[in-house]
Amino acid sequence: MGPSSVRGHRPPNGFRGLPGILGITAAAGIFTHAVLPRVLGTWGATGSESTMSLPGDGLIPEPDEVQTMAVTISAPPDEVWPWLVQMGVDRAGLYSYTWVENGLLHLGVTNADRINPGWQDLKVGDVIAFTPEGYPGGRAGPRVVELESGRHLVLDSSPGAPPGTVTGTWQFVLHSSGARGTRLLLRTRSGPGRPPALRVMDFLLRPGYLVMDRAMLLGIKKRAEGNAHIRGRPGVSS
């Protein structure tokens, strides 16, 4: 085969676009796992909110990963709090994307649009279910380790960790903002001791977690503000 034949050789049609596909895939992977967590990891939070000490931080003194998200809600903390304590896939839902929760994960979630008095008795030791009874692995989710009504709710998310060891937290903190407003902060922290398989899963799914967390904060905002609007109508009381 002569030089001209080598120069004239073309790859099969099925492989001509492969470099471009690989490039797009690599770019998507970099954006999803490097850029997106940096953008959403501090979504809505000010610089001081991202670095300030919050209830629950002491559970993991030296975390490997920290994300702090925040949203402003036009309702006072005591009207936002009931939406937090009734969360759970077998209770009021998680106020996020049901097409993911039900369409992809088949959790059977119904995200409530009103406060249920029967779901307001959350206490330390309770589990906020992320998966329902009958799901592979059964009813499971983070455990309440600290709460103060209208102020903060701290959850221990440490599957597979030795007893007494906290390797992941969800920290909901409410700060008064303005005359009748709330800054709702959600901090997630993970630390040493998480099983290797879980650390890999955290890395792969973190972008999705952040997208769902953002949707949850916005879902709480929408419901709390809608409820405050209804309560503000003449002749309407709680």
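The values are calculated or read from the model by the stated rules, or taken from the named source; none is laboratory data. Fair warning: this is a prediction, and the values are worked out from it, not measured in the lab. All Cβ positions, glycine included, derive from the backbone under ideal geometry; neighbour counts span all protein chains shown. For the accessible areas, the whole protein counts, side chains as well, though only heavy atoms, and no ligand, DNA or RNA atoms are used. Shrake-Rupley method; radii C 1.70, N 1.55, O 1.52, S 1.80 Å.
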Give me the number: length gained by fully extending Glu148 to Gln120, i.e. 0.36 nm times residue separation minus the C-alpha to C-alpha distance, one decimal in nm. 8.8 nm
Pairs of alpha-carbon atoms within less than 8 angstrom and 6+ residues apart define the contacts here; what relative contact order does the stretch 38-190 have, in percent? 28
Using DSSP to define loop residues, name the GluC sites (Glu not before Pro) in the stretch 110-168 whose beta-carbon has at most 11 other beta-carbon atoms within 10 Å. Glu133
Note down the nm distance, to one decimal, between modelled labels 7 Å out along Cα→Cβ at Leu104 and at Leu218. 1.5
For the pair Thr51/Tyr135, report the inter-label distance in nm, with labels modelled 7 Å from Cα in the Cβ direction. 3.7
If you plug each phi of the stretch 59-68 into the Karplus form 6.51 cos²θ - 1.76 cosθ + 1.60 with θ = phi - 60°, what whole-Hz ³J(HN,Hα) values come out, in order, with x for Gly and Pro? 5, 10, x, 10, x, 7, 9, 9, 10, 10
With every protein chain left in place, what is the accessible area of Thr42 in Å² (1.4 Å probe, nearest 10)? 70
Classify the stretch 44-139 from the C-alpha gyration tensor, please: rounded if a/c falls under 1.5, else prolate or oblate depending on whether a/b exceeds b/c. prolate
Taking N as the number of residues in the stretch 56-195, the ratio of its alpha carbon radius of gyration to 2.2 N^0.38 Å works out to 1.07
